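Some notes on the structure that comes next.
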Amino acid sequence: MLHFTKMHGLGNDYLYVYGEPQNPQALSQRLSDRHFGAGADGMIWISPSKAADFKMRIFNADGSEANMCGNGIRCVGKYVYDKGLTSKTRLTIETLAGPRTLALQIENGKAVGAAVDMGTAQVGDTLSLSLDGALIACTPVDMGNPHAVLFVEDMAAAPLSALGPQIERHPAFPGGVNVEFVQVLGPGRLRMRVWERGSGITLACGTGACACVAAAAAMGHCPKGRPVLVELDGGTLQIEIDEKGAVVMTGPAVTVYEGEVELC
């Protein structure tokens, strides 16, 4: 039997397991299925680390491994604190994108969210992608994982389902890319929707929200050194980027239920 905890950050849901995976790709494909499995955007495995307090590995619903997950790392902090695996409220988590530090928010003895040092955003020059004979402008941003940010005038008309999978697999991004559509609502507010590499449309993406703020700040759409609210389908994240590109993300973490599945 495999014991898991289903958790989410703004509806970006994963199945969390403490232990070292033996067949994580197949398990993530099987258990993430929303009709024949538990249903999730993927699985996150937590284990001890020699380089940090804990280590996390992230597998998308299609079985591919991701370097980093902003919503997921907040839930990792909640998992280890709520289950008594640590009493620390400031943790360092080892990820494939490098170590990330988070400060847990505690209420009534439980972690309810976290502020996460997301590292430094690397904003590239605007790319023009050829898609079906049209040129689509996007801004590449590296947040430890790759993002392509597209600015739109009206989010309601954003072709997320049509362009998302095409850009994800575009030759300009040999390893695939997360695709964010973002509308500037004001100096301190952005609206974002996301097509996640390996998972498709999700309700939220933490690293994607950071990438959007970094791209918007680079273009002068939002301030540096002050919080920016990013409105996603699943809720709102607070993102702050400084003059050097260092990003801090603050948001909630929620436990949905505990479950067990027979491995056969």
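None of the figures in this text is laboratory data; all of them are computed from the coordinates on show. Keep in mind the model is a prediction, meaning the values are calculated, not measured. Because the Cβ atoms are built from the backbone with ideal geometry, glycine has one as well, and the counts that use them run over all protein chains shown.
Would you mind telling me which residue in GLY39, GLY251, GLY186 has the biggest mean-square fluctuation in a Gaussian network model of the chain, where springs connect alpha carbons within a distance under 10 angstrom?
Maximum among the listed residues: GLY186.
Per 5 Å bin, what is the whole-percent P(r) computed from every C-alpha pair distance within the chain?
Each 5 Å bin holds this share of Cα pairs: 1, 6, 14, 19, 19, 17, 12, 7, 3, 1, 0, 0.
Report the normalised scattering of segment 1-137 as log10 I(q)/I(0) at q = 0.14 Å⁻¹, calculated by the Debye formula with identical scatterers on the alpha carbons.
-0.67
Ordered by residue, what ³J(HN,Hα) values in Hz, to whole numbers, does segment 174-180 give under the Karplus form 6.51 cos²θ - 1.76 cosθ + 1.60, where θ = phi - 60° and Gly and Pro are x?
Using θ = phi - 60°, the values come out as x, x, x, 7, 7, 10, 10 Hz.
If you average 1/r over all unlike Cα pairs in segment 122-250 and invert the result, what Kirkwood radius do you get in angstrom?
After inverting the pairwise mean of 1/r, the radius is 14.3 Å.
I'd like the Kirkwood hydrodynamic radius of segment 41-83, using the inverse of the mean 1/r over distinct C-alpha pairs, in Å.
With all distinct Cα pairs of segment 41-83 included, I get 10.8 Å.
Mind checking which of ALA51, ALA246, ALA217 has the largest fluctuation in a GNM of the chain, springs on alpha carbons under 10 Å?
Taking springs between Cα atoms under 10 Å, the residue moving most is ALA51.
Just give me a number: lysine pairs in the chain, eight or more positions apart or cross-chain, with C-alpha atoms less than 24 Å apart.
Value for the chain: 17.
Can you give the alpha-carbon Rg of segment 179-264 over 2.2 N^0.38 Å, where N counts its residues?
In units of the globular-protein estimate, segment 179-264 measures up at 1.26.
Name the residue, out of THR202, THR95, THR126, whose mean-square fluctuation peaks in a Gaussian network model built on the chain with Cα pairs under 10 Å.
THR126
Taking the Cβ-Cβ separation of VAL184 and LEU96 as r and a Förster radius of 25 Å, what is the calculated FRET efficiency to the nearest 0.05?
Rounded to the nearest 0.05, the efficiency is 0.20.
P(r) of segment 53-205 in 5 Å steps, Cα pairs, percent per bin?
2, 9, 17, 19, 17, 15, 11, 6, 3, 1, 0, 0
Give the calculated FRET efficiency between ILE201 and ASN23 to the nearest 0.05, with a Förster radius of 25 Å applied to their Cβ-Cβ distance.
The value I calculate is 0.40.
Given the C-alpha centroids of segment 149-179 and segment 24-43, what is the distance between them in whole angstrom?
24
Would you work out the charge dipole size for the chain about its Cα centre, treating the Cβ of every Lys and Arg as +1 and the Cβ of every Asp and Glu as -1, and quote it to the nearest 20 debye?
560
Along the charge dipole of the chain, pointing to its positive end and built from +1/-1 on Cβ of Lys, Arg, Asp and Glu, which listed residue (ILE241, PHE173, ALA216) has its Cα farthest out?
Result: ILE241, furthest along the dipole toward the positive end.
So for segment 44-115, Kirkwood radius off the Cα pairs, Stokes-Einstein at 20 °C and 1.002 mPa s: how many µm² s⁻¹?
175
Run the quick spin-label model on GLU65 and LEU85: label points 7 Å from Cα toward the beta carbon, then report their separation in nm to one decimal.
Placing both labels 7 Å beyond Cα along the Cβ direction yields 1.7 nm.
In whole Å, what is the distance between the alpha-carbon centres of segment 45-84 and segment 237-251?
After rounding, the separation between the Cα centres reads 20 Å.
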